[in-house]
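Every number in this text was worked out from the coordinates using simple rules, so none of it is lab data. If you're wondering where the values come from, they're calculated on a predicted model, not measured in any experiment. As a convention, Cβ positions derive from the backbone with ideal geometry for all residues, glycine included, and neighbour counts pool all protein chains shown.
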Amino acid sequence: MADQLYLSLWFPNFRFNALPGTMVTVLRQFAAISGEKRVAAATVYPISFAEAPTYQRIFVNDERAAESRDTEAAIIENAVAEATEQLHEDMAYEFEMRWKLWQQEPAGAGLDPLWKLVPATVRILGFGPEFDEASFDQNGHIRVDFGLDTPWVQDAIELPEDADAEAAELAQQRLQQNVEKLLAFTLSVEKHCGISGRLLWTESGEPLAEKLIAQLQRLT
């Protein structure tokens, strides 16, 4: 069953007023891996996720971006500065970015599945110390929400019973390429962001994260 995959980050001697600069550093690492230099959306939540956002901006980053006023505003540093202009300790600051992952698409009867690079949204959140009853103790000062874990999980690959060895090898290659991208981002954060701790985990608490970490280590 598909599960939500997260990466929680903690920083030594973290001060809340350092959150904007820390967010910029983490977002830059994602941009370096994804090739996407702009933020797709920014949202600020007060008190908890059950509350309506106090701020939200969706940027135009498609082929129209060259003609849009959003072009400059969506640059990482500008988007973070605008969303965090007023820092409040009971708020969470979310920035959406996108990367492309290999995903399996069903083919016709008797045909091997097709693989395509498909945009996927990643949400990177910074938590105020009083947001959601100080949940950053568990979530991390910054949490990366990768969405469903299916792009990285062997069990998510579906092949017809009569699939040949070449189709199976391609499926494994596509999965490995997704895992390598996840690994590259994780290692980049560890190298450049001065973290004191990180945890890759799933919403259900199942040991999928441990299996994924082992798979990542085998690829290094």
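Rounded to the nearest 0.05, what FRET efficiency is calculated for Ser135 and Asn78 with R0 set to 35 Å and r the Cβ-Cβ distance?
Efficiency, rounded to the nearest 0.05: 0.80.
Rg over Rh of the stretch 1-40, using C-alpha atoms and the Kirkwood radius, what does it come to?
1.07
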